[in-house]
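Colleague: I have a structure here, written as structure tokens, and I will follow up with some questions on it.
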Amino acid sequence: MKNNCIIAIVGMPGSGKSETIAYLQTKGIPCVRFGQITEDGLAKEGLEVTPENERRFREALREKHGMAAYALLSKPTIDALLKKNEMIAIDGLYSWEEYMVLQETYTNLILVALVVDASVRHERLGKRSVRALTSEEAKKRDRAEIENLNKAGPIARADYYIENNSDDKENLYRKIDEVLEKI
């Protein structure tokens, strides 16, 4: 394993990023979740965590700090965790600009992309207990994340790809373990 390794999990909505992060945490790998910045900011403003409030907060943050806002604002947390751990994970790296900031700052940044057929992802998104999306909403979200968040770049640039079309979590975990062994 590389020292001070950062594994950033990337993928489109419904690809299994949250499940992957949860599994990494069971293995003792701490996680920096970029979305925590949004949740903390909304709490500070006394606002409920809703899709509309989250969108408004994210857009304002990126207006102020640029498309790399979440990476820039997460660097102190990343640095603190790297002092105590050989490996950490990042959940929520979306934009190419976030990737570039992290790649320029940390020498052992590794991107792991989860790839899933769109139809499988959209079906998963429709079954979510929180923030479920219709197929049409899922298609719109895909387009928005690619066009507005520059999300495709980090996925295309990934060091490792995990195909996750199955809903068999044990199969996903085996694939994650295979990537961890290579790292």
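Colleague: Which residues, counting only those in region 10-68, are out of contact with any helix residue (DSSP H, G or I) (no Cβ under 6 Å at 6 or more places or on another chain), loosely packed, with under 13 Cβ neighbours inside 10 Å and assigned to a loop (DSSP other than H, G, I, E, B)?
Modeller: Those that are out of contact with any helix residue (DSSP H, G or I) (no Cβ under 6 Å at 6 or more places or on another chain), loosely packed, with under 13 Cβ neighbours inside 10 Å and assigned to a loop (DSSP other than H, G, I, E, B): Lys27, Gly28, Glu45, Gly46, Glu48, Thr50.
Colleague: Which numbered condition trips up Leu114, out of (1) touching a Pro at 6+ places or on another chain (Cβ under 9 Å); (2) under 27 Å from Glu163 (Cβ atoms)?
Modeller: Among (1) touching a Pro at 6+ places or on another chain (Cβ under 9 Å); (2) under 27 Å from Glu163 (Cβ atoms), Leu114 violates only (1).
Colleague: Still on this model: Got a number for residues in region 36-83 being in contact (Cβ under 8 Å) with a residue 40 or more places away in the chain and closer than 27 Å to Glu104 by Cα? Spell out how you get there, then give the answer.
Modeller: To start, the set of residues in region 36-83 that are in contact (Cβ under 8 Å) with a residue 40 or more places away in the chain comprises 51, 67, 74, 77-78, 81-82.
Right, trim to closer than 27 Å to Glu104 by Cα and you get 67, 74, 77-78, 81-82.
Residues flagged as in contact (Cβ under 8 Å) with a residue 40 or more places away in the chain and closer than 27 Å to Glu104 by Cα within region 36-83 amount to 6.
Colleague: Given (1) at pLDDT 95 or above; (2) outside any helix (DSSP H, G or I), identify the lone condition not met by Tyr94.
Modeller: (1)
Colleague: Pull up region 128-183, narrow it to residues that are outside any helix (DSSP H, G or I) and of a type in the set (Asp, Glu), then point me to the one that is most open to solvent (accessible area, probe 1.4 Å).
Modeller: Of all residues in region 128-183, those outside any helix (DSSP H, G or I) come to 128-134, 150-151, 157-168, 183.
Remaining after also requiring of a type in the set (Asp, Glu): 159, 163, 167-168.
Values: Asp159: 67, Glu163: 81, Asp167: 111, Asp168: 71 Å².
Among residues in region 128-183 that are outside any helix (DSSP H, G or I) and of a type in the set (Asp, Glu), the one most open to solvent (accessible area, probe 1.4 Å) is Asp167.
The values are calculated or read from the model by the stated rules, or taken from the named source; none is laboratory data. Owing to the predicted nature of the structure, the values given are computational and were not obtained by experimental measurement. Positions of Cβ are generated from backbone atoms using ideal geometry, with glycine treated the same way; all protein chains shown enter the neighbour counts. Keep in mind that these areas ignore ligands, DNA and RNA; they rest on the heavy atoms of the full protein, side chains included. Shrake-Rupley method; radii C 1.70, N 1.55, O 1.52, S 1.80 Å.
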